[in-house]
1. Quick check: is even one residue across the range 5-27 of a type in the set (S, T, Y) and in contact (Cβ under 8 Å) with a residue 24 or more places away in the chain?
2. What are the residues in the range 2-52 that are loosely packed, with under 11 Cβ neighbours inside 10 Å and not in a helix (DSSP H, G or I), if any?
3. Which ones in the range 70-108 are under 19 Å from E32 (Cβ atoms) and modelled with pLDDT under 75?
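The values are calculated or read from the model by the stated rules, or taken from the named source; none is laboratory data. Everything numeric in this text was worked out from a predicted model, so none of it was measured. When we count neighbours, we look across all protein chains shown, and the Cβ atoms used for this are built from the backbone with ideal geometry, even at glycine.
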Amino acid sequence: MLKTAYRMGLTPAEFWALEMWEFIACAEAYDEQSREKAEQAITQAWMVAALVNPSIQGKLQKLDSYLPKTTPDKPPAPRLSDEEFDRRLARARAATEARKKEASQDGN
């Protein structure tokens, strides 16, 4: 997981400060962003080939045939606005802190 965090641009301190669910949410967003960048690169390559090289214009397949097929195993989660995600994240962090404080008081 630490290797994945490095690829995502997280420092070790940022990685260790995250709860597991937070890291998973970040990793899923990073994966989605990577897929979008790959599709964009494929689309740009196809457009360049179609526009620049007239000798292959009739040989190119439709763009959809070059893009990866997405067949999700489960329906995608509903999209949250950034504000809603931040609100839920703050609430979850507050609950985590409250549990930690409660656990430390029980230990005394």
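1. No; the residues of the range 5-27 include none that is of a type in the set (S, T, Y) and in contact (Cβ under 8 Å) with a residue 24 or more places away in the chain.
2. G9, T11
3. Within the range 70-108, T70, T71, P72, D73, K74, P75, P76, A77, P78 qualify.
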